[in-house]
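S.K.: Sharing a structure with you now.
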Amino acid sequence: MVLVVAGLAFKSLLIPIRLIGTVLVTVVIVAGSTVLCFQYILDQDGIYWFVPVCTSCQVIGLTIDYDVFLISRIYEFRLRGFSTEASILRAMGKQSATITTAGVIMTVAFSSLLLSDTAVLNQFGFVLVAASIADTFIVRTLLVPALMFFAVDSNWYPGKVPPPTRCETVDGADSDTDEEDNLVRVPDDSNVPIDHEEAQGSLPSKYV
């Protein structure tokens, strides 16, 4: 259902497919790190069956949430006429602080479960902390922009987006160039000899 809504919202077939891929990457990272930590490093018997059942929906929801934050901003810039590449870079600049702050808050909140004496709560907390860290600092920061750079304008197929008319990646990137283009060029006459009598004759009488 979420994938259908994402496809309709962004008028794209590729974005929901890419969303599935990035969600699976996060799930694989979390599952692998959990097994490595508790079965091989801490030498426990295994992962309690209750943990993946309860955390799977939370992990998927977390990854989709951060993805929508970023993609909606990219889509907004693209509709305003920026190229896809510029839209990705501008959205990363605008939304990175929000996504990182949310990820840090979730990590700190879930890490309290790691202090429990109950093994199930430790595993529960580790899964959520690993999901927050992986999705915030790996998937959403590196993988999603890389995949969108690879697809470029195919990200929006079959939807219609305006042709790109702007390519600046930050606000005011072209302001210096625009100001220089609008300046009136005054020739440098500093080396031309000045006829003082002619200059005085051209002034109003009150200045002579």
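S.K.: Could you tell me which residue out of 106, 132, 75 lies farthest along the dipole of the stretch 2-156 toward its positive end? Charges go on the beta carbon: Lys and Arg +1, Asp and Glu -1, centred on the Cα centre.
M.R.: Highest projection toward the positive end goes to 75.
S.K.: What's the Kirkwood radius of the stretch 1-57 in Å, using all Cα pairs? All intermediate terms of the calculation are to be shown ahead of the outcome.
M.R.: Numbers: mean 1/r = 0.0751 Å⁻¹.
Computed over Cα pairs of the stretch 1-57, the Kirkwood hydrodynamic radius comes out at 13.3 Å.
S.K.: Another question, then. Dimensions of the stretch 49-125 along principal axes (Cα, Å, largest first)?
M.R.: Dimensions of the stretch 49-125 along the principal axes of its Cα atoms: 54, 22, 13 Å.
S.K.: Follow-up. Hey, for a label at residue 35 modelled as a point 7 Å past Cα toward Cβ, could you say which residues of the stretch 131-147 have their backbone N under 16 Å away?
M.R.: none
S.K.: Follow-up question, since we're still on this one. Cut-off is 10 Å between beta-carbons; in what order do 5, 51 appear when sorted fewest neighbours first? Display every interim value, and only then the final one.
M.R.: Details: 5 11, 51 21.
Listed from fewest to most nearby Cβ atoms, that is 5, 51.
S.K.: Further question: Neighbouring Cβ atoms within 10 Å as the yardstick, rank 77, 150, 124, 69 fewest first.
M.R.: On the way: 77 19, 150 10, 124 22, 69 16.
If I rank by nearby Cβ atoms, fewest first, I get 150, 69, 77, 124.
S.K.: On to the next question. Using the Karplus curve 6.51 cos²θ - 1.76 cosθ + 1.60 with θ = phi - 60°, what ³J(HN,Hα) values do you get for each residue of the stretch 7-21, in whole Hz, with x for Gly and Pro?
M.R.: x, 6, 5, 9, 6, 9, 8, 7, 5, x, 5, 5, 4, 4, x
S.K.: Over the residues of the stretch 2-156, compute the C-alpha Rg and express it relative to 2.2 N^0.38 Å.
M.R.: Details: Rg = 17.0 Å, N = 155, 2.2 N^0.38 = 15.0 Å.
Ratio of Cα Rg to 2.2 N^0.38 Å: 1.14.
Taken together, the values in this text are just the output of simple stated rules run on the coordinates, not laboratory data. In this text the structure is predicted, and so the values were computed from the model without any measurement. Cβ sites come from the backbone with ideal geometry, for glycine too, and all protein chains shown count toward neighbours.
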